[in-house]
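Asks: Quick one: the structure is below, questions incoming.
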Amino acid sequence: MTTSVTIASDVIDQVGLDQAAQFQSRVTVFECVECSTAGDARTEPAVVVLRRSPGLSHLGVAHHRCANSQVRDYGPGDLALTGETDLVPRAIGLPTVDGTKPALLLAFEEQVALIEGGHTYDPVVRQLVSEGLHALPGLGKAAPDSPGWRIALGAEGRVRVQSDVRVHLRGHVVVPSPWLRLASPARAVTLLFGSLSHADIYADQPPFRAYAAALRAGRMVGGTVRLETVVSAF
């Protein structure tokens, strides 16, 4: 059974033909971004809506009766990743030329990349750089300091990650004892923050090649971040 999914030319101009075509090919059942009810593109016409903001943009699907395919702009903060549901933390030992270093990976599933001036960029990553993280050429060398950022670890794996601008995550992370032994003397860790595929986020073993590829593609950034150990609740 074929689907009927319309994508307007201005949406394609913003996300590129390849990304638009890949998204269109995956649409079957959906939750309408307009009326929040279920739809099925195999039995009724649907349209693609690009919701775009300075910090996050994504493609959604609507019933044709509810909307036209279009680009919708939102202000700063109107669209944002939700730390409790969208961000997945992972404590990893990062191989470098100076030995294994402690790192915290904060990953979200791949979002929509936008095109500007002929170049593709991830709005989330652009926002993270504006808050003090850095584009990194790879995993092998120490990341530059990001003094406005800090990571706090509490009891029972509680973790808080924040910049000077906002708290990005209050959640839980599995912290192996060897990781703590590496991190405690330096009181600092490498923070890697960016987008990965679902399979790479939840892989049994850290897929370092995927992390490196995300850095090279501009989908992930990082920095050396102060680590705090706290006892009180947060």
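The values are calculated or read from the model by the stated rules, or taken from the named source; none is laboratory data. Just so it is clear, the structure is predicted and the values come from calculations on it, not from any experiment. Methodologically, a virtual Cβ is constructed for each residue, glycine included, from the backbone with ideal geometry; neighbour enumeration extends over all protein chains shown.
Asks: Exactly one condition in (1) in contact with a strand residue (DSSP E or B) (Cβ under 8 Å, 6 or more places away or on another chain); (2) loosely packed, with under 14 Cβ neighbours inside 10 Å; (3) part of a helix (DSSP H, G or I) is not met by TYR211; state its number.
Replies: Of the numbered conditions (1) in contact with a strand residue (DSSP E or B) (Cβ under 8 Å, 6 or more places away or on another chain); (2) loosely packed, with under 14 Cβ neighbours inside 10 Å; (3) part of a helix (DSSP H, G or I), the odd one out for TYR211 is (2).
Asks: Still on this structure: So which residues in the range 173-203 are surrounded by fewer than 13 Cβ atoms within 10 Å (Cβ to Cβ), within 19 Å of the chain's Cα centre (by Cα) and without any contact (Cβ under 8 Å) to a residue 24 or more places away in the chain, if there are any at all?
Replies: Once the filter is applied, which keeps residues that are surrounded by fewer than 13 Cβ atoms within 10 Å (Cβ to Cβ), within 19 Å of the chain's Cα centre (by Cα) and without any contact (Cβ under 8 Å) to a residue 24 or more places away in the chain, the range 173-203 yields only ALA199.
Asks: I'm checking my understanding of the structure. Among residues of the range 11-30 that are under 18 Å from GLU110 (Cα atoms) and among the charged types (D, E, K, R), which one is surrounded by the fewest Cβ atoms within 10 Å (Cβ to Cβ)?
Replies: Per the stated criteria, the residue is ASP18.
Asks: I need the strands (runs of 3 or more DSSP E) fully contained in the range 1-78, keeping only those with at least 1 residues that are closer than 19 Å to PRO123 by Cα.
Replies: Details: elements: 29-31, 38-40, 46-52, 57-63, 70-73.
Because the criterion is at least 1 residues that are closer than 19 Å to PRO123 by Cα, the strands (runs of 3 or more DSSP E) in the range 1-78 that meet it are 46-52, 57-63, 70-73.
Asks: Looking only at the range 31-52, how many residues end up being among the hydrophobic types (A, V, I, L, M, F, W, C) and surrounded by fewer than 19 Cβ atoms within 10 Å (Cβ to Cβ)? Let's see the steps before the verdict.
Replies: Initially, the range 31-52 is screened for residues among the hydrophobic types (A, V, I, L, M, F, W, C), giving 32-33, 35, 38, 41, 46-50.
With surrounded by fewer than 19 Cβ atoms within 10 Å (Cβ to Cβ) added as a condition, the list becomes 35, 38.
Residues that pass the stated criteria total 2.
Asks: Sticking with this one: For the list (1) at pLDDT 90 or above; (2) in contact with an Asp or Glu (Cβ under 9 Å, 6 or more places away or on another chain), I need the number of the one condition that SER9 fails.
Replies: Against the list (1) at pLDDT 90 or above; (2) in contact with an Asp or Glu (Cβ under 9 Å, 6 or more places away or on another chain), SER9 comes up short only on (2).
Asks: Based on what the data block shows, is THR100 within 30 Å of ALA188 (Cβ to Cβ), surrounded by fewer than 16 Cβ atoms within 10 Å (Cβ to Cβ), touching a residue at least 24 places away in the same chain (Cβ under 8 Å) and β-branched (Val, Ile, Thr)? Give the steps one after another, and end with the answer.
Replies: Working: within 30 Å of ALA188 (Cβ to Cβ): yes; surrounded by fewer than 16 Cβ atoms within 10 Å (Cβ to Cβ): yes; touching a residue at least 24 places away in the same chain (Cβ under 8 Å): yes; β-branched (Val, Ile, Thr): yes.
Considered against the rule, which asks whether it is within 30 Å of ALA188 (Cβ to Cβ), surrounded by fewer than 16 Cβ atoms within 10 Å (Cβ to Cβ), touching a residue at least 24 places away in the same chain (Cβ under 8 Å) and β-branched (Val, Ile, Thr), THR100 comes out as yes.
Asks: Another one. Specify which of the listed residues (ARG150, ARG166) is touching a residue at least 60 places away in the same chain (Cβ under 8 Å) and in the same structural domain as VAL221 (by TED's automatic domain parsing).
Replies: Working: ARG166 fails: touching a residue at least 60 places away in the same chain (Cβ under 8 Å).
Matching residue, one of ARG150, ARG166: ARG150.
Asks: Does the range 32-48 contain at least one residue that is touching a residue at least 24 places away in the same chain (Cβ under 8 Å), under 29 Å from PHE208 (Cα atoms) and either within 21 Å of the chain's Cα centre (by Cα) or not assigned by TED's automatic domain parsing to the domain that holds VAL129 (or both)?
Replies: No, there is no match, as no residue in the range 32-48 is touching a residue at least 24 places away in the same chain (Cβ under 8 Å), under 29 Å from PHE208 (Cα atoms) and either within 21 Å of the chain's Cα centre (by Cα) or not assigned by TED's automatic domain parsing to the domain that holds VAL129 (or both).
Asks: Grab the helices (runs of 4 or more DSSP H) fully contained in the range 94-207, keeping just those with 1 or more residues being over 30 Å from GLN19 (Cα atoms). Show your work before the answer.
Replies: On the way: elements: 123-130, 177-186, 198-201.
Result: 177-186.
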